[in-house]
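Have a look at the structure below before the remarks.
The values are calculated or read from the model by the stated rules, or taken from the named source; none is laboratory data. Only a predicted model underlies this, so the values are computations on that prediction, with no experimental measurement involved. Here Cβ is always computed from backbone atoms with ideal geometry, including for glycine, and neighbour counts include all displayed protein chains. The area values use the complete protein model at the heavy-atom level, side chains included, leaving out ligands, DNA and RNA. Shrake-Rupley method; radii C 1.70, N 1.55, O 1.52, S 1.80 Å.
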Amino acid sequence: MTIKAALFDLDGVVFDTEPQYSIFWGAQCREFHPEIPGLEHKIKGQTLVQIYDAWFSGPLADSQALITERLNDYESQMDYDYIPGFEEYIHELRQQGVKTAVVTSSNQPKMKAVYAKHPEFEGLFDAILTSEDFERSKPDPDCYLKAAERFGVEPKNCVVFEDSFNGLKSGRAAGMYVIGLATTNAAEDIAPFCDKVIEDFNHL
């Protein structure tokens, strides 16, 4: 196959942020769902809307605004360390003429925090698509199909880099070649949902 576009999820793929999110959601889950120990591990890889709909709706719906405020503040102070080998790999792709994009469920306020920590970040990609650009969240393929359309590239000529089950399913549903990073979930668990599993970009 000929790769014309490489599409990257953000957390757990570009940045090693998932352990920090486990800390944040662990605190929220212990406060609002003390009856479900370890809930923060069950919601890994889900979008904020999915988390709210499943665990913070009904009687807890009023807590959503507070949690969102806490999350925005937390994300503004997080560390955004690149997954090993990512910077070298993205430069190699661009040198080869491959289009690159971030395709993330994160919102613009989160991205502003990223840009503050990494002024070079926007220059690494030809496009950055966030939750504001999509009608439907992963595992729906909408986000990846929109990225391919942005570049005028057929889905079969795109490769997706993902770590979460929803993201992997989204890439597969879009008809793209899917590489799974075993940064959030075990390699053997994500293997059925992707074409190749890597630990980080040093292994490509």
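Quick notes on this structure:
- Some residue of segment 49-61 being within 26 Å of residue 122 (Cα to Cα) and in contact (Cβ under 8 Å) with a residue 60 or more places away in the chain: yes
- Checked against the criterion of being open to solvent by 30 Å² or more (accessible area, probe 1.4 Å) and charged (D, E, K, R), the candidates 142, 200, 133 yield just one match: 133.
- Neighbours by Cβ (under 6 Å, 6+ apart or cross-chain): first from segment 136-152, in contact (Cβ under 8 Å) with a residue 40 or more places away in the chain; second assigned to a helix (DSSP H, G or I): 138/166; 138/167; 138/170; 144/170; 144/171; 148/155
- Pick from segment 72-87, criterion surrounded by fewer than 16 Cβ atoms within 10 Å (Cβ to Cβ) and closer than 13 Å to residue 121 by Cα, ranking: farthest from the chain's Cα centre (by Cα): 87
- Taking the criterion of being among the polar types (S, T, N, Q) and open to solvent by less than 30 Å² (accessible area, probe 1.4 Å), the residues of segment 167-188 that qualify are 170, 184.
- Note on segment 44-99: residues that are among the aliphatic types (A, V, I, L, M), assigned to a helix (DSSP H, G or I) and closer than 23 Å to residue 199 by Cα amount to 2.
Residue by residue, here is whether (1) out of contact with any helix residue (DSSP H, G or I) (no Cβ under 6 Å at 6 or more places or on another chain); (2) of a type in the set (Asp, Glu); (3) touching a residue at least 40 places away in the same chain (Cβ under 8 Å); (4) farther than 18 Å from residue 5 by Cβ holds:
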residue: 94; (1), (2), (3), (4): yes, no, no, no
residue: 101; (1), (2), (3), (4): no, no, yes, no
residue: 105; (1), (2), (3), (4): no, no, yes, yes
residue: 109; (1), (2), (3), (4): no, no, no, yes
residue: 112; (1), (2), (3), (4): yes, no, no, yes
residue: 119; (1), (2), (3), (4): yes, no, no, yes
residue: 123; (1), (2), (3), (4): yes, no, no, no
residue: 127; (1), (2), (3), (4): no, no, no, no
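- Considering segment 1-35, and only residues there that are of a type in the set (Val, Ile, Thr) and touching a helix residue (DSSP H, G or I) at 6+ places or on another chain (Cβ under 7 Å), the residue that is surrounded by the fewest Cβ atoms within 10 Å (Cβ to Cβ) turns out to be 2.
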